[in-house]
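Written below as structure tokens is the structure these notes are about.
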């Protein structure tokens, strides 16, 4: 049977998942290999150097730069408080003194006799890395981080915003085609991750933020609503660092697109379970997908050694489900009906391999193979 290969989104009921948890700089690893960890456990920590501020003491005291050290009341390495006097002149008969006050709480890092400036550094910023998911530490890298392994449900979305968060899963929409509205977001959804159907609107997102909801999973979002939510036009850079008070994972695409029935049904069976999500997305080189991870701790021990079925990721065959990832059909779902072997010419006169897809509404079209991605596990 003809087949091809393409990157695909995972939608898997159960699989072994490894997550690397790394510090941005050298620090301290707090757990050992073999340890069982909870998603909220801190597995490594470090201190980022505080921000630096410059204080032109020579100007404040009206003295030459090379004489600043003589008027300092604090030495290099000493701590200072905000608005504390760190340098002063003797004045005239003890009067008319000039003083330099520290603008921050921190430490004196250096005193320059060339510029007359004092370098102050704010207190270090603590950085903690959490396990992100319930599981077992399988590897530690001294001073850097750990690898956590778990067995669970794993679903990749097509787009997301916001970083890592953890909460219990609550399915709000009655079906995969239902819109998630603001009226459906209730106070009891605080600290949970809620699941909608076809579309989530700005009003629903804002209501969820007000109610303290940690995350939203939905089939689609309107690009205008996303722009309103972020306050700017989202480019091609990686997402995930937005501080909007919530994490979004969109499983299908932009617009009113129903969540794939298999994905919705799978999330429905996992309702009430602790769920980890991450909205980080990068579409271009070094693809990063938003993800939904639901540990199945009770089932992990039952996973047989020979569980792997030998299937290959990204394989395309007749009947394989795919998603179109290029305009004008971006986000549409379908199944492959034909995989021609010969190259075909595009309008640009480029020669490429193509495939024929039947969309869910019955429409058939021929597309370059690079314009689709496999949907695994559906």
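The values are calculated or read from the model by the stated rules, or taken from the named source; none is laboratory data. These numbers were taken from a predicted model, which means no experiment stands behind them. Cβ atoms come from the backbone with ideal geometry, glycine included; neighbour counts cover every protein chain shown.
Below, the figures for the structure above:
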{"quantity": "Options 301, 260, 265, 285; residue that is at pLDDT 85 or above, out of contact with any helix residue (DSSP H, G or I) (no Cβ under 6 Å at 6 or more places or on another chain), surrounded by fewer than 16 Cβ atoms within 10 Å (Cβ to Cβ) and farther than 18 Å from residue 215 by Cβ", "calculated": "265"}
{"quantity": "Qualifying residue in the stretch 38-48 (condition: more than 30 Å from residue 137 (Cβ to Cβ) and either out of contact with any helix residue (DSSP H, G or I) (no Cβ under 9 Å at 6 or more places or on another chain) or surrounded by 13 or more Cβ atoms within 10 Å (Cβ to Cβ) (or both))", "calculated": "no"}
{"quantity": "Matching residues, the stretch 314-324, being farther than 23 Å from residue 283 by Cα and either free of Cβ contacts under 8 Å to residues at least 12 places away in the same chain or not in a strand (DSSP E or B) (or both)", "calculated": "318, 319"}
{"quantity": "Some residue of the stretch 290-297 being under 19 Å from the mean Cα position of the chain (by Cα), part of a strand (DSSP E or B), modelled with pLDDT of 90 or more and more than 28 Å from residue 371 (Cα to Cα)", "calculated": "yes"}
{"quantity": "Count - residues of the stretch 325-366 that are touching a residue at least 40 places away in the same chain (Cβ under 8 Å) and either part of a strand (DSSP E or B) or loosely packed, with under 11 Cβ neighbours inside 10 Å (or both)", "calculated": "3"}
{"quantity": "Unmet requirement for residue 307, which otherwise passes all of (1) at pLDDT below 75; (2) part of a strand (DSSP E or B)", "calculated": "(2)"}
{"quantity": "Residue list for the stretch 116-133, filter: out of contact with any helix residue (DSSP H, G or I) (no Cβ under 6 Å at 6 or more places or on another chain) and part of a loop (DSSP other than H, G, I, E, B)", "calculated": "122, 123, 124, 131, 132, 133"}
{"quantity": "Identity of the residue in the stretch 49-60, within 13 Å of residue 88 (Cα to Cα) and out of contact with any strand residue (DSSP E or B) (no Cβ under 6 Å at 6 or more places or on another chain), that ends up surrounded by the fewest Cβ atoms within 10 Å (Cβ to Cβ)", "calculated": "59"}
{"quantity": "Filter pass, residue 193 being modelled with pLDDT of 95 or more, under 30 Å from residue 325 (Cβ atoms) and in contact with a helix residue (DSSP H, G or I) (Cβ under 9 Å, 6 or more places away or on another chain)", "calculated": "no"}
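Listed here are the residues, each with its yes/no results for (1) farther than 30 Å from residue 81 by Cβ; (2) assigned to a loop (DSSP other than H, G, I, E, B); (3) in contact (Cβ under 8 Å) with a residue 12 or more places away in the chain.
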{"residue": "114", "(1), (2), (3)": "no, yes, yes"}
{"residue": "136", "(1), (2), (3)": "yes, no, yes"}
{"residue": "148", "(1), (2), (3)": "yes, no, yes"}
{"residue": "154", "(1), (2), (3)": "yes, no, yes"}
{"residue": "165", "(1), (2), (3)": "yes, no, yes"}
{"residue": "168", "(1), (2), (3)": "yes, no, yes"}
{"residue": "176", "(1), (2), (3)": "yes, yes, yes"}
